1. Give me the dipole magnitude in Debye, nearest 20, for chain A about the Cα centre, with unit charges on the beta carbon: positive for Lys and Arg, negative for Asp and Glu.
2. In nm, to one decimal, how far is the B:Gln199 label point from the B:Ala428 one, both placed 7 Å along Cα→Cβ?
3. Could you work out, for region B:147-201, what percent of all Cα-Cα pairs fall into each 10 Å distance bin, beginning at 0 Å and stopping at the bin that holds the largest distance?
4. Considering only DSSP states other than H, G, I, E and B, which trypsin sites (Lys or Arg not before Pro) in region A:70-156 qualify as loop sites with at most 11 other Cβ atoms within 10 Å?
5. Can you send over the carbon and sulfur percentage of the accessible area for region B:288-334, probe radius 1.4 Å, protein chains only?
6. Could you run the Karplus curve 6.51 cos²θ - 1.76 cosθ + 1.60 with θ = phi - 60° over region A:180-193 and give me ³J(HN,Hα) per residue in whole Hz, x for Gly and Pro?
7. Name the residues whose placed amide hydrogens come within less than 5 Å of the amide hydrogen of A:Gly27, ignoring near sequence neighbours (fewer than 5 apart) on the same chain.
8. Taking 18 Å as the cut-off for C-alpha to C-alpha distance, list the pairs among B:Lys340/B:Lys374; A:Lys137/A:Lys160; A:Lys48/A:Lys137; B:Lys55/B:Lys143; A:Lys108/A:Lys135 that go past it.
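The values are calculated or read from the model by the stated rules, or taken from the named source; none is laboratory data. Predicted model only: the values in this text are computed from it and were never measured. Using ideal geometry, Cβ is built from the backbone for each residue, glycine included, and neighbour counts are taken over all protein chains shown. Only protein heavy atoms, including side chains, enter the accessible area calculation; ligands, DNA and RNA are left aside. Shrake-Rupley method; radii C 1.70, N 1.55, O 1.52, S 1.80 Å.
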Amino acid sequence: MTEHSSSPLLQIENLHASVGGNEILRGVNLTVDAGTVHAVMGPNGSGKSTLAHVLAGRPGYEVTAGRVLYKGRDLLAMAPEIRAREGVFLAFQYPVEVPGVSNVYFLKNALNAVRRHRGLPELDAMDLLALTKEKAKLVQIDEELVRRPVNEGFSGGEKKRNEIFQMAVLDPTLAILDETDSGLDIDALRIVASGVNALRTPQRSMIVVTHYQRLLNYIVPDYLHVLVDGQIVRSGGKDLALELEERGYAWLEKEPAPPAPVGAGA
Amino acid sequence: MPSPVLSADTDLAAAFADLRRRTGGYPAWLGGLRERAFARFQELGFPTSADESWKHTNVAPIARIPWEPVPSDPDAARPLPVSVRRGDAAGVQLGFSNGRWSRALSSAPADFAGIDVLPIADVLRDHPEWLEPHFGRHAAWEKNPFTAWNTALAEDGAFIRVSRGAASGPIHLLFLSEGTGAPTVAHPRNLILLESGAQATVVETYVGEGTTLTNAVTEISVGDGAFLDHAKIQRESPDAFHVQSIAVTSQRSSQFTSSSASFGGSIARTDIGVLFAGEGGDCTLNGLFVGEGSALLDTHTTVDHATPHCTSRQVYKGILDGRSRGVFHGTVLVRKDAQKTDAIQSNKNLLLSRDALVHSTPALEIFADDVKCKHGSTIGQLDAAALFYLRSRGIGEQEARALLTWAFASDVVARFKPQIVREEVERALSTRLPGRPR
């Protein structure tokens, strides 16, 4: 486990956010240290995906209060592409089809935008080919899919694998996985999870948003947080996941929010 | 009775009188045709918004300008504003400056066996009998005033004849309009004849600068079992006006493809009409129009399934930015006896700004009962979800927009033939999408 002697990678403080005038997040507090994996669970409509999207900067999600510090800087002031270049990656629950743009062309542009931002030389087609070959193995994604238009005609499992493949190529510092397990059968889940596990490093942090405890059998988090009605109502270790599996969320929905921020340092 | 618009324009009548005087040597059929076309043009006048096929395209700006033909020598030495694509071993180019054949813009004469590529002025002078079965017989000058105007006054353009069973390399027609002085008008008139079993590729490119009006007519006859790939690239100046009618008669079991890209001008209108005059014909029309500023880009297509067992495929895409406007009107007419017709038409439009506008009117008129016809039309904006997806991977907003716009166009551009046209359209599109990632 990483020591938290330096400042945390991500600090979410009293985050309130609305979508279309409805307040979804009502004061989220969460601290993520470098190299830690946090699971965020919660019932439908609790705000899990909203949290993921707010962190990635999706337009239409209005932050009404609170702040988010990433590497000590104001994350919410950054455009989505700047967040990505700074190392934030969102694996979408519903990856978007982009007809007419091949995966490899898309990745080349994304990766080189990231590399330029980090002061690294751009990769040419040959370098990229080598890199994508290597990373494609990680999630057992067919190289044929890499050449096809982004997500177009992909099965649900292929789309999710493609997300993790992109994550492997882009090498983020903070990966947010939004219900990456939804719609996956157990074999596909194993492949995706082993891809994610292979990307666990002491430098990389992850927030794994999920509705089901099942995923956490494969991606074992360091911390688990339960989001109910836009607030984190309970934090703990992986034992909490088992308790949730047994008891559901109802018993937590009635509990008041804890008074102090919880997270890696708690 | 002259229309009010034209009665003020005495120069026009003078131009016709001048042409008649200079060209007294024309055979009677041609003289008569010009007389009738000119009378018809005066009768119709410029179209107004009351005319259904010009409802969304107001040509009043064209009618207001006192257009003058360019009397000067088209070879007058002047640095060319465009790169000239010369013919090479595999191809030939005929170039026209303000509507007249220009040696400087042309490659060496074609020396393909069985193929004539000539300035039509030469054919009018030396072999008008070659023209008689076709000239003014494919294009609807009785209906379209611009076509009538051209038919009355056209003096030059390309004559292409591919004789029975012959196959040509690519034939490039370059039309350069320069309106750096007074507003100039040109009436290019092209005739492309493929005899039975012939094969050809013809590319028309329109470029220019200044205030110009290009009023072109291309008549095409594709003989039995012949193959023609026809392409048009129009990228004149933002002040240019461009009107062209392309009239195709397709004979039994022939194949015709059209690849058309329009990049602007003040008004750029293309009418393309295909008549299936023989059974088993096949036509494919692919088009892209890309507007910015206050350009108006108008495409009208008519595919006349007059005979059975013919197939037509149309894909047109429009990209409109700024205050530009697009018009697409596509008619598929299936006549009573045209059983087993298979026709598909699609028009998709992408609006990149709030002030851009497009009128899309697909129209099927079916009088036969055993046919397969489909059409569709969409108007949309860039997909916000896709835009965010790209940005969430580090691609900047402008680049993401350019990438998605490029992707929108790419499937129709990929269909363009020949490859040189595809590449040129991709280059032109790239300059319109400055943020496009590499």
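1. The calculation lands at about 480 debye.
2. My value for the distance between the label points is 2.7 nm.
3. Reading the bins upward from 0: 21, 38, 27, 11, 3.
4. Counting only loop positions with at most 11 other Cβ atoms within 10 Å, the trypsin sites (Lys or Arg not before Pro) in region A:70-156 are A:Arg118.
5. Exposed carbon and sulfur together represent 47 percent of the surface.
6. After applying 6.51 cos²θ - 1.76 cosθ + 1.60, I find 4, 8, 5, x, 9, 7, 5, 5, 5, 4, 4, 5, 5, 5 Hz.
7. Here the answer is A:Leu15, A:His16, A:Ala17, since their amide H atoms fall under 5 Å of that of A:Gly27.
8. Flagged as over cut-off: A:Lys48/A:Lys137.
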